[in-house]
Amino acid sequence: MSSLKSDKTLKIVISILLPLVVIISVPLFLQAFHCNGGENPFWWYLHFKGSYYCNVLVVLFLYLLCYLIFNSTYTATIGILGISIILGLIDSQKMRILNQPLIPGDFLFIRQSLVIAKLYVLPVAGVLILFALMLFFLYRAKKNMYQFSLPVIVRIVVAIVFVTGTTLIVKNHKKVIKSLNRYYGINNEYWNQLGNYHKNGVLYTFILNIASLNIDKPRQYNRENVESIFNKWAKPDTTSTKKQMSPDVIVVLSESFWDITQISPVKLPCDPIRNVRKASKKFPSTRLISPSFGGNTCNAEFEILTGLSHNYFPPGVMAYNQFITRPVPSLVRVFKENGYRTTGVHTFKQWFWNRTNVYRHFGFDSFISQETMENPEYKGFYISDKELAKQIISTASEKGQPDFIFAISMQNHGPYDLKRYDTLDHPVSTGLGGEADREFNNYFQGLIDADKSFKMLTRYVDTTKTPTLLVFFGDHLPGFSHLYEKVGCKERISKDTLWSHTTPSAWYANYPLKQLPDTMISMFFLPLFITMQTGVSTPVYYQFLNALRETQPLFKLSSEELVVATNETASTCDSLSQSCRLCVYDVLFGKQYASRFYKSNSAVQ
């Protein structure tokens, strides 16, 4: 009898302790996953106890939610473990591949993620098998656990209280979060997500990012304020009306194009970007500050094609999938209004990053993609950069009206830590071993091929009788899983945002180019520079953009670290920056009061 009583007591104790252990352990477990074993989670607890307590509150909330839904402490515990394991694995893999944490916006791009996940079939399958085994053993242990179910009436009352409390918290989430942050001394470094997750924990930082996804209307937003931004520049065009040259314009966004020699651990057998480097010495060029690192090409693409800064969006936002829902002013429309045929070219699927709809809203006449290409040449995982150059040349050769072609490559897209090429032009023995060595060689080969495609395009420019401008640049640094750490750059990436977001560009033309006014600019100024070199009629907005560039050519990722030329220009810079924010809101979320200022003079006349 006493034995049965002791067994019952043990079951009760275990049934109470298990949820408690899970609730207090999950934040530590997720932090260990996030760091991929590179940091002791107990060190995090000791140094950021306030953040740990906030993470425990999030777990407790999720546990109570599961408990009310399933009316079982055991099932609620299993639910919390399952959610934690899934989130932890996704976050750890994203950190490993892109050195970026899991953010709320990622769940809008499940389809895109699955495309990349196909390349990791074995690791993904292994994780799913381990997860299934864990659930099986926990299910078998169910008979030794008490469920602690609530009576129907009590459960209804508790549910009403829970829902009411949750509603009040959600409605006043800004005040709640502000109070928690003040009490526990937490700083939400929304501009530095790596640091944010490192200090504030996976779950609580995830909640902070959800709370910041809402795009609030600026207090100053109204027709009068928006129109006043442009009125000083909205003067009659007194320039000569002689016919412009109307050169063909080819803009190539080369996937992850960057100068790998900056972190090369050994002497290389050749310069992988020698043609781009040669062109940069012959023609004016500028380095670009990308809004992205290691991925999210669409954010860089957004800046280039709209001339709007991505800096004003909350962390994790992808404008392509979330905000481009109607016709938007763009560089494409500027050239279209100047009589150009506008074509988008991408050596991957049209739906990726919602480009099918986005390009329609930007005003492209046509979109050439993987689906429409006939027997394209592949190299590695994707369509080759050589094939992209062929498609561009073929499109530009069709005369009748001047061309504006915006092309995006895919060959040198990650992942880089898998075998992707049968042979390498110049194998490099890095001495790094394993996956880091493979990453270096795969990326090195991709750079060589991207440089060759640039050479193909310059030969076309040299031989065509049509005046042609070629602009070639990288969208962001490559997303290495192992290489940055092996060569000692991981800390620099997290601290030196300017270095980790700077990509090269090369300009080439068969006619004289003007000297570019800056050697380094944020990407959303690129449309201004392109129109400067082509002489096309531009909107009033571009005059505002030029004024902003003159005082603030670099928009760093932290809104608290905006670069200004001098102290004297600080007030002007702040005023223009606020005006720029109003423009972004007006175009994407507002009533587009400034729509007439985004039309080129040729369209208005």
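Pull up the range 423-450, narrow it to residues that are hydrophobic (A, V, I, L, M, F, W, C) and assigned to a loop (DSSP other than H, G, I, E, B), then point me to the one that is surrounded by the fewest Cβ atoms within 10 Å (Cβ to Cβ). Across the range 423-450, the extreme among qualifying residues is Leu424. Look at the range 53-66: where a residue is β-branched (Val, Ile, Thr) and a partner is surrounded by fewer than 17 Cβ atoms within 10 Å (Cβ to Cβ) and assigned to a helix (DSSP H, G or I), sitting 6+ places away or on another chain with Cβ atoms under 7 Å, you get Val56/Ile24. The one condition from (1) outside any helix (DSSP H, G or I); (2) more than 27 Å from Cys583 (Cβ to Cβ) that Arg277 does not meet is (1).
A residue that is assigned by TED's automatic domain parsing to the domain that holds Leu424, surrounded by fewer than 16 Cβ atoms within 10 Å (Cβ to Cβ) and in a helix (DSSP H, G or I) occurs somewhere in the range 349-359.
What are the residues in the range 426-474 that are of a type in the set (D, E, K, R) and in contact with a His (Cβ under 7 Å, 6 or more places away or on another chain), if any? The answer is Glu435, Glu439.
Among the residues making up the range 384-422, those that are among the aliphatic types (A, V, I, L, M) and either farther than 21 Å from Glu255 by Cα or not in a loop (DSSP other than H, G, I, E, B) (or both) are Leu388, Ala389, Ile392, Ile393, Ala396, Ile405, Ala407, Ile408.
Counting only residues that are under 18 Å from Ser522 (Cα atoms), not in a loop (DSSP other than H, G, I, E, B) and not acidic (Asp, Glu), the range 281-330 holds 15 of them.
Scanning the range 402-439 for residues that are closer than 20 Å to Asp475 by Cβ and not charged (D, E, K, R) yields a count of 13. Scanning the range 310-330 for residues that are of a type outside the set (A, V, I, L, M, F, W, C) and more than 11 Å from the chain's Cα centre (by Cα) gives Asn311, Tyr312, Pro314, Asn321, Gln322, Thr325, Arg326, Pro327, Pro329, Ser330. Each residue in the range 20-56 was checked for being under 19 Å from Gln93 (Cβ atoms), loosely packed, with under 15 Cβ neighbours inside 10 Å and either not acidic (Asp, Glu) or not assigned by TED's automatic domain parsing to the domain that holds Tyr204 (or both), and 3 pass. Residue count for the range 310-341 under the criterion of being surrounded by fewer than 22 Cβ atoms within 10 Å (Cβ to Cβ) and within 13 Å of Leu528 (Cα to Cα): the result is 0. Among residues of the range 425-453 that are in the same structural domain as Val276 (by TED's automatic domain parsing) and under 14 Å from Lys386 (Cβ atoms), those with a beta-carbon under 8 Å from a residue that is among the basic types (Lys, Arg) and at pLDDT 90 or above at least six positions away or on a different chain give the pairs Asp449/Lys379; Asp449/Lys386; Asp451/Arg274; Lys452/Lys386; Ser453/Lys386. Answer yes or no as to whether Gln533 is touching a Lys or Arg at 6+ places or on another chain (Cβ under 7 Å), at pLDDT below 95, under 26 Å from Gly339 (Cα atoms) and not β-branched (Val, Ile, Thr). So Gln533 passes the test. A count restricted to the range 195-230 and to residues that are charged (D, E, K, R) and at pLDDT 85 or above stands at 4. Scanning the range 141-162 for any residue that is in the same structural domain as Ile86 (by TED's automatic domain parsing), modelled with pLDDT of 65 or more and hydroxyl-bearing (Ser, Thr, Tyr) turns up at least one such residue. Considering only residues in the range 468-494 that are within 18 Å of the chain's Cα centre (by Cα), modelled with pLDDT under 90 and not β-branched (Val, Ile, Thr), the one that is surrounded by the most Cβ atoms within 10 Å (Cβ to Cβ) turns out to be Phe480. Among the residues here, Val176 does not qualify as in a helix (DSSP H, G or I), of a type outside the set (Lys, Arg) and at pLDDT below 85.
The values are calculated or read from the model by the stated rules, or taken from the named source; none is laboratory data. All figures in this text were calculated on a predicted structure; none of them were measured in a lab. Neighbour counts are summed over all protein chains in view; Cβ atoms, including those assigned to glycine, are modelled from backbone coordinates with ideal geometry.
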